[in-house]
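A quick write-up on the structure given underneath.
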Amino acid sequence: MSLMFVAPNLNLSKTVTYSPAHTLVPTYECFNRCSYCNFRVDPGQSPWLSLTEAEATLRSLQQSTSSLNSIPVIEILVLSGEVHPQSTRRAAWVQQLYDHCAQALALGFLPHTNAGPLSFAEMQLLKTVNVSMGLMLEQLTPDLLKTVHRHAPSKQPDLRLQQLAQAGELQIPFTTGLLLGIGETDRDRWETLEAIAHIHRQHHHIQEVILQPYSPGQQEAWGGLAFSPEELVSLVAIARQILPADIAIQVPPNLIQHSTDLIACLAAGARDLGGISPRDEVNPNYSHRLGGKLDSILSENGWQLVPRLPIYPQYDQWLAEPLKPLVQQWRSRINLTQPLTHPLHRG
């Protein structure tokens, strides 16, 4: 039985979007050792996810709905630890990423890959099986290479900026963001936002910027203090002034403990809540509000929660030709044909 999920006519200034998602992790192994990480394991200590295992998961998702609002799972976030660029296993790892994305597409889902810095050729290959991709800038200050990123070679700021530029050159709809509260200064945050704005003005390819507050987890080595919600609300307002209006600001609702702070972030200019699934692989100690709880919190405060695809409509023309029919099928299925421009009121 085919279901049609019809979005009502919306007051876009009071609309917040999210992606009904599920995360596939090809491997948790990572050659970086960020001291705040709750995701990674040492190389060789995590078996790679087989295509057989992934297919079983994906087929089960075909028969179910996401945990929010009974909308089908649309996005498959392919989120992977990083294999060293000089490793003899690097080519096999990239092929694995490709195969998982191709498998998700074949089963009717829309893949979005986030797997750390990739070469131009690797990104070019993965574009053919992804509707969008992403990489967190985190912070551009090199000072963090002396502290939380001391053992994380791929967190070099220039390398990550290069990734954003390459995505623009390849016309890949892209998500990036800041990790907040890992030792950066206010100036560092502003300069990172300004760098994102500068690259976007060159290529017009950045869909969303995530403002992710550092939240302590049980597996990390660092043990820093959680980023304060008051600072997050303030930074949302600053980011809305710095970033071009066609970039959506995203905040992760599971990392915002109190609903009043979440509503304050929306009032300050955030318009997207990212991919929502039962488990946040990066922050496993922080579950999403599911079963209609998030929707209720928002509606009680005058906001309407609306599903979206992992690619915004204005970027459909950039898709590899084989991907376009599936994207259009999803748009028709959940009636998301209007452009996602997230109009905002600037102060």
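The values are calculated or read from the model by the stated rules, or taken from the named source; none is laboratory data. All values derive from a computational prediction rather than experimental measurement. Because the Cβ atoms are built from the backbone with ideal geometry, glycine has one as well, and the counts that use them run over all protein chains shown.
So is SER132 farther than 23 Å from ASP280 by Cβ and among the small types (Gly, Ala, Ser) or not?
When the stated conditions are applied, SER132 does not pass them.
Anything in segment 124-168 that is under 20 Å from ILE206 (Cβ atoms), touching a strand residue (DSSP E or B) at 6+ places or on another chain (Cβ under 8 Å) and among the aliphatic types (A, V, I, L, M)? List them, or say none.
Once the filter is applied, which keeps residues that are under 20 Å from ILE206 (Cβ atoms), touching a strand residue (DSSP E or B) at 6+ places or on another chain (Cβ under 8 Å) and among the aliphatic types (A, V, I, L, M), segment 124-168 yields LEU126, VAL131, MET133, LEU135, MET136, LEU137, LEU164, ALA167.
Out of all the residues in segment 228-237, which are surrounded by 14 or more Cβ atoms within 10 Å (Cβ to Cβ), out of contact with any strand residue (DSSP E or B) (no Cβ under 9 Å at 6 or more places or on another chain) and closer than 15 Å to GLY181 by Cβ?
Within segment 228-237, VAL233, SER234 qualify.
For segment 139-151, which residues satisfy the criterion of being of a type outside the set (Ser, Thr, Tyr), out of contact with any helix residue (DSSP H, G or I) (no Cβ under 8 Å at 6 or more places or on another chain) and not in a helix (DSSP H, G or I)?
If the condition is that a residue be of a type outside the set (Ser, Thr, Tyr), out of contact with any helix residue (DSSP H, G or I) (no Cβ under 8 Å at 6 or more places or on another chain) and not in a helix (DSSP H, G or I), then VAL148, ARG150, HIS151 are the ones that fit.
May I ask you to list the residues in segment 239-279 that are of a type outside the set (A, V, I, L, M), in a loop (DSSP other than H, G, I, E, B), crowded, with 22+ Cβ neighbours inside 10 Å and free of Cβ contacts under 8 Å to residues at least 60 places away in the same chain?
PRO252
Taking PRO307 as the residue in question, decide whether it is under 18 Å from TYR18 (Cβ atoms), modelled with pLDDT of 95 or more and of a type outside the set (Val, Ile, Thr).
no
Could you list, in sequence order, all residues of segment 82-117 that are part of a loop (DSSP other than H, G, I, E, B), small (Gly, Ala, Ser) and over 15 Å from the mean Cα position of the chain (by Cα)?
Those that are part of a loop (DSSP other than H, G, I, E, B), small (Gly, Ala, Ser) and over 15 Å from the mean Cα position of the chain (by Cα): SER87, GLY108.
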